[in-house]
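> Sharing a structure with you now.
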Amino acid sequence: MSATLSRRNALAALSGLAGAPILSMFDAEAAPKAYTLMPQKLTDGVWMVAGVPEAINTANGGAIANISILSTSEGAVIIDTGPSKRYGEQLRVLAQSLTGKDVARVYLTHFHPDHVFGTQAFPAESVAATEGVIKGLTELGEGFSAAMYQAAGDWMRGTEVVLPKHVITSSVEDIGDRRLRLLRMKGHTASDLAIFDEQTGIIFAGDLVFLDRAPTTPHADIGAWKVALANLGGIPHTMIVPGHGPAEDNTRGLDQTRVWLTEIDAIIGQAFERGLDMTEAIALPLPEWTNKIALARYEYERTVMHLYPKLEAAKLPKVGGRG
Amino acid sequence: MKVRLILACTLATLAGAASAAEDPMHSPVWAQLAARHFGTTPYVYDERVVVTVPGIVENQAQVPVTADARAVPGVTKLMVIADLNPIQHVLTLTPGPSAPYISFRFKVEQATPVRAAALAADGVWHVGSRYLDAAGGGCSAPAMARKDADWTETLGAAQGRIWRDGSGLARLRLRVRHPMDTGLAKDGTPAFHIEQVEMKDENGASLGTLELFEPVSEDPTVTMLLRVQPSTPSVSIDSRDNNGGVFRATVPAPWKSSQLANP
């Protein structure tokens, strides 16, 4: 079996051959892909590059998550780095052109690949993350990498997992004239960072908040997630930038994420209690309101596959063992 | 209902060339697999045999599948085959008095057609097919349990529950802790898997047997529909692995209708 040849190695091998005469005819098609990064100004000195409300695919190159850029007197602050080396490189150029300065600090909100695989484009010393994020990337980064190469294809070329060098231990950081509150939470993953900008009152929620796009749950603890949402809701703020979906000056993202988690969790829990197997639970109808939510069916299906094995292990009664 | 009869022997003679177009999955290996598993018994493609797989594979080592041949009369065997897996034969249910239905999870090495073949009263294998899109790697990844030094402590530990549904069948959900090593993992662990499960009533009468093969996921978790008497207080389940390990479980069968509305 060829399991030792990763997709990344395969692509690298192919690009190494690109100069060979037999492949030169493909050069035109192999021209580097470029993302279209369109910064949306949220307020003075704060921009969001919106992710598309889609699953990762070879058309969007994995650019599905929101990325934020803040200007400070010391340099740009970037929140999450996107899905690939190429994205990270474009993001760095964009941040320089918007703020007129180089990047002073990069924060990673959590360890999922659509948020962190652009990290390679930045000096590792400037990239800050919690110990939990670094641990998660250490353990699962290579697996994420294989999955990203599979889902996004050539967009991932040259992308490697790099670990942040700055471990977040404090709850506040001053970058130039901007004071940022670093809120270490959990629920979407075992370590989620939300950032509150004191100057503008904006909460950058990472994937603790989704809006009009169904939440993802591969590493979720739904109970803890709902606690985190309640805690975020208790912070007076002017705007919430979700990990996926539009930034708005209301609590729609907090509310919708909480209601989705509550209702999906209940549907799956009831399916389990009725004795349904996974494929049967997957086929159940979703609440009417989720028709307006991008990827509702897709993420529900994934969530069934994430939660069911845990329910079975925890809740099926013990009935025997070794004879 | 499209039902096309193809004689497996004819197919073998023609080396599959003429018949390849008949396979709704256009699988390159199906003709050989059919000849191997069905021998000279004829088979048809029959949409009444329903294979259900998810639209997305979230975990290549735990892909949920339901094979349901309840719409075909007199099914005596239900076999599940994944054409492009390194080990294609996933499991065979011999339902006895019970329903030709099983839900389970299995490991996939790449995208593949998944088949459920039901040997029916007419002496013909009725084959339902479904294409499963997947990234792969499930067969050659070591079992999760191999990272846990204490995995032998829980080997064979069983969990289960029975629901009675409106049609009088007992819906058994069963989970047995077992690494289900394929023998293909990079760590060189030899094949080690549960190979037989038999369900019996309180008098020892068989309620069906299940043969499992290497592709069935670690900690096999299955759902079956057993035909038990209303008076049956419990179902006993005897499992055996290929190292001679024997595991025994008894699942109470309370006679009360569940909320289950024939899914």
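> With n ≥ 4 as the cut-off for DSSP H runs, can you work out [θ] at 222 nm for the protein assembly as shown, using -39500 (n - 2.57) per run divided by the number of residues, rounded to the nearest 500? Don't jump to the answer; show the numbers that get you there.
Numbers: 11 runs with 129 residues, N = 586.
Calculated at 222 nm, the ellipticity per residue is -7000 deg cm²/dmol.
> Order the following by accessible area, largest value first: B:Asp150, A:Asp249. Probe radius 1.4 Å; ligands, DNA and RNA are ignored.
Numbers: B:Asp150 95, A:Asp249 115 Å².
If we order B:Asp150, A:Asp249 from most to least accessible, we get A:Asp249, B:Asp150.
> Further question: Out of residues 5 or more away from A:Val49 or on other chains, whose amide H comes under 5 Å of its own, with H placed 1.01 Å from N in the peptide plane?
Amide H to amide H, under 5 Å and 5 or more residues apart or across chains, A:Val49 pairs with A:Gln40, A:Ile67, A:Ser68, A:Ile69.
> Classify the protein assembly as shown from the C-alpha gyration tensor, please: rounded if a/c falls under 1.5, else prolate or oblate depending on whether a/b exceeds b/c. Please list the in-between numbers first.
Values: a/c = 2.28, a/b = 1.64, b/c = 1.38.
It is prolate, given that a/c is not under 1.5 and a/b is the larger ratio.
> Packing-wise, with mean Cβ within 10 Å as the measure, how do A:211-222, A:143-154, A:169-180 rank, highest first?
A:211-222, A:143-154, A:169-180
> Using a 1.4 Å probe and counting only protein heavy atoms, how much accessible surface gets buried when B and A come together, both sides summed, in Å² to the nearest 100? Write out the running numbers ahead of the final one.
Working: alone 11940 and 15140 Å², together 23930 Å².
Roughly 3100 Å².
> Let me ask something else. For a quick check: with amide H placed at 1.01 Å from N, whose amide H comes under 5 Å from B:Ser98's, ignoring anything fewer than 5 positions away on the same chain?
Placed amide hydrogens put B:Arg227 under 5 Å from B:Ser98.
> List the residues whose amide H sits under 5 Å from the amide H of A:Leu208, counting only those 5 or more places along or on another chain, with H placed 1.01 Å from N in the peptide plane.
Amide H neighbours of A:Leu208, under 5 Å, 5+ apart: A:Gly243.
> How many Cβ atoms of partner chains, on average, are near each residue of A:263-276 if near means within 10 Å of its Cβ?
Numbers: counts 0, 0, 0, 0, 0, 0, 0, 1, 1, 2, 4, 8, 14, 7.
Mean shielding count: 3.
> May I pose another question? Connecting C-alpha atoms closer than 10 Å in a GNM of chain A, tell me which of A:Arg181, A:Arg274, A:Arg105 has the biggest fluctuation.
Sorting by GNM fluctuation, first place goes to A:Arg274.
The values are calculated or read from the model by the stated rules, or taken from the named source; none is laboratory data. Keep in mind it's a predicted model, so treat the numbers as computed, not measured. Glycine also receives a Cβ, built like all others from the backbone with ideal geometry; neighbour counts cover every protein chain displayed. We work out accessible area using only protein heavy atoms, side chains counted, and drop any ligands, DNA or RNA first. Shrake-Rupley method; radii C 1.70, N 1.55, O 1.52, S 1.80 Å.
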